[in-house]
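Student: One structure coming up, written as structure tokens, with questions to follow.
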Amino acid sequence: MNLILNPYDFVQLRSNPGAAAKCAVVEILDGKVVGQLVYHEFAHLGDFYVDPAYQKMGIGTKLLNRMEQIVPEYFTFPSTDASKSFFLKRGLMKLNGLEVFRKEK
């Protein structure tokens, strides 16, 4: 497993996170991107994805741990029940009335 920090260079991401992206953490196994996490402007953490074939292997935790070393405070909009559960287990708080989760120092 290789965990790489890829600041400002998204060619290796094999995706298009947009002009507001600041940095990304990518997990590569056997030459294939199996997980990614992108930090955007305004403390927004998005584009968090782990290939279903590689889920429940600690890759998401590894990606988020590395990103939190760079960005200790952020918010995110989890889109699935699994991602909501993941962020709640990580100690993020759901803001009242919104499907927004926030990490504070």
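Student: Got a number for residues in region 54-101 being among the basic types (Lys, Arg) and closer than 22 Å to residue 23 by Cβ? Break it down stepwise before answering.
Tutor: First, the residues of region 54-101 that are among the basic types (Lys, Arg): 56, 62, 66, 84, 89-90, 94.
If we keep only those that are closer than 22 Å to residue 23 by Cβ as well, we get 62, 66, 90.
So the count comes out to 3.
Student: Give region 49-66 a look and list any residue that's of a type in the set (Val, Ile, Thr) and either in a helix (DSSP H, G or I) or loosely packed, with under 14 Cβ neighbours inside 10 Å (or both), or say none. Break it down into steps so the answer makes sense when it comes.
Tutor: Step one: filter region 49-66 for residues of a type in the set (Val, Ile, Thr), giving 50, 59, 61.
Residues satisfying the conditions are 59, 61.
Student: Still on this structure: Name the residue that is nearest to residue 43 (Cα to Cα), counting only residues in region 67-93 that are of a type in the set (Ser, Thr, Tyr) and surrounded by 13 or more Cβ atoms within 10 Å (Cβ to Cβ). Show your work before the answer.
Tutor: Step one: list which residues in region 67-93 are of a type in the set (Ser, Thr, Tyr), which gives 74, 76, 79-80, 83, 85.
Next, only the ones that are surrounded by 13 or more Cβ atoms within 10 Å (Cβ to Cβ) stay: 74, 76, 83.
On the way: 74: 5, 76: 9, 83: 18 Å.
Taking the candidates together, the pick is 74.
Student: What are the pairs with Cβ atoms under 8 angstrom where one residue, in region 58-85, is touching a residue at least 60 places away in the same chain (Cβ under 8 Å) and the other, located anywhere, is among the aromatic types (Phe, Trp, Tyr) and not in a helix (DSSP H, G or I)? Sequence gap at least six, or different chains.
Tutor: From region 58-85, the pairs are 63/48; 70/39.
Student: Please count how many residues of region 72-104 are modelled with pLDDT of 80 or more and assigned to a loop (DSSP other than H, G, I, E, B).
Tutor: 10
The values are calculated or read from the model by the stated rules, or taken from the named source; none is laboratory data. Just so it is clear, the model here is predicted, and its values are computed rather than measured. Positions of Cβ are generated from backbone atoms using ideal geometry, with glycine treated the same way; all protein chains shown enter the neighbour counts.
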